[in-house]
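To start, the structure under review is shown below, and the notes come after it.
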Amino acid sequence: MQDQTMAYQCDLGTGQRLYLENRGTQTIVRLTSGSARQQQSQQSNFETGEWQTLPKVFRTGTGIILQIESAQKQSFVSLQAQRIGTLSHLPDMTGAEVLSLQPTEAIASSFKPMEPMQPMQPMQPMKPMEMKMGNMQMQMGTPQSGQRFCSQCGESVRVSDRFCSHCGTQLSTN
């Protein structure tokens, strides 16, 4: 096809819109539905070849059928509910209604590129916490005298230990 715009849209009614785009040998099909408050989108890519003519969109008794013609082959794509799939043979087009395609902007990806993860900040030492209820008492963050734990695996270690006997991590001297 000689047309520079290779992206098209079709209003399917009942809040559904179809977007088609030919990028090289790939055809991108996106089906959106919903309202301004909530929207669903389904997208699939198919190896169809470069379009030779504008695709045709048909409404049949069972759903929407796309007919795509390239130099290599004729492809049929079925859209039913939120499912998009290719058909291996010419579907029954008895009584099919032809829907019109309108040029549109290229289909933008619905996913934003991922941002790289930020390095984790070192954990701050836990501040002591104490809770009392009646004659019960619970303390957190304040080690009992002479009791230490490995910062790597949590195993109990003696104050005199320089390395954890469980995982081998070098222990701090304070």
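Observations on the model:
- Protection proxy ranking for 19-30, 83-94, 53-64, using the average of other Cβ atoms within 10 Å per residue and placing the highest first: 19-30, 53-64, 83-94.
- Per-peptide packing, taken as the mean over residues of other Cβ atoms within 10 Å, places 98-107, 40-49 in the sequence 40-49, 98-107 from highest down.
- Cysteines, the chain, no other Cys beta-carbon under 4.7 Å: Cys10
- When segment 1-82 is reduced to its Cα atoms, the Kirkwood hydrodynamic radius in Å: 13.2 Å
- The P(r) of the chain has a tail past 21 Å containing 65 percent of all C-alpha pairs.
- Here the Gaussian network model covers the chain, with springs between Cα atoms less than 10 Å apart; of Glu155, Glu69, Glu50, Glu155 fluctuates the most.
Read the figures in this text as sums done on the coordinates, not as results from a lab. Everything numeric in this text was worked out from a predicted model, so none of it was measured. So basically every Cβ, Gly included, is an ideal-geometry build from the backbone, and we count neighbours across all protein chains shown.
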